[in-house]
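Working notes for the structure below.
We did not get these values from a lab; they are worked out from the coordinates using the rules stated. All values reported here derive from a predicted model rather than from experimental measurement. Don't worry about glycine lacking a Cβ; one is built from the backbone with ideal geometry, like all the others, and counts go over all protein chains shown.
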Amino acid sequence: MKRIILLILMSFLVREASAHKTFPIDSITKSAEVDFRLNYGFIMHHHFEMSGYRKHFPLFELSLQKQTYGRQAWQKYYNYPTIGVTALYSNIGNQDVLGDAYAIYPFISFPFNKSKISTFNLRMGAGLAYLTQKFHHIENPHNMYIGAHFNAVISLSVEYKQKISDRIKMSLFAGVTHFSNGCTTQPNRGINIFNAGLSASYLIDSHTTYKDIAKLKTNIKDEKRQINSHVFREFDPEFYLGLSYGVKRVEYDQRDHFSVYNLEFYAMERITNLSKFGIGMDLVYDATDVIVLGKYDNNLNKYSFAQLLKPGIGVAYELILGEMSFLFNVGYHPWGRDMSYGRIYNKFALKGNIGKSLYGKFTLNTHLGVADFIGFGIGVRL
């Protein structure tokens, strides 16, 4: 585990240093900070039976992070965010049932304002978690929330950061941490933690100079004027067509994983240079629908493949960060044979460009906070 964490940390640093033609050690350590976050939190009881668990418990996070300074256009546009990777530990309040949580995840912190003294930030990250306890029908029957040791972790928080000296910063923060395996194994009700605390960061080496700050302010103002006039003049959408694949289970004793396919189409319009808004359409085939419907109907042979498809339509927003982007989608299934998860669905995706026309995608599909499946896919910009 230590070697894996070290490799992830080093790959993050080398990626930042790759903007240089060479790799001197000062290009890696420059602007790098070590940050320690002390959290105190409690489980949000989205199921009644969770109310019996201990109310409060600590979380500890150690991060290696770097301040961006405008090497890419999106960094300047988003007010020079901080990027990094975090290692997390918590006992989740009940070690006998829920166990300990270990996680590592990359994150990005967007400042709402830019000041040399203090900033308000939105920090979000996602990665991999290992929970020491999981459900077992004999050894741990009360853990109805985690069905596998390996899970996804999602962290979202707001923070106020204050500069104390040239090398030290302190911050206050509050947020939510979520653990779930995306229904790859049952049970999977997930764990949601509300946490708040203090952090202290130490600057390892000197800061890099901000690039083109004065020019940036002028460019942003000009760009906003151009975009505002453009939006009302014409509609010039961009189209995406993609296919994602995932696996899931709906019962604890299932030995096999069942496939889920999601064909998607997006028509997106740029509302700023680095964000898009548009319409998303989905066509989902979920092989577990046969099992769910079988509980109520023993004659499933009357349903064809086409009849088990679930179409969906919704609105989407894309936040662009260089060659990567975050895509958020809220949709509605107008019909479908199995609507046990509900008709409203959400998609949270991380996209990465592959050349000029292709993109890869990692997606978490949920229904009003209840995880449905995790999908991996590829798509093309038409």
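For SER171, neighbours were defined as the other residues whose beta-carbon sits under 13 Å from its Cβ, and their charges (Lys and Arg +1, Asp and Glu -1) total +1.
Apply the a/c threshold of 1.5 to the C-alpha gyration tensor of the range 66-217 and tell me whether it is rounded, prolate or oblate. Note, shape of the range 66-217 comes out prolate.
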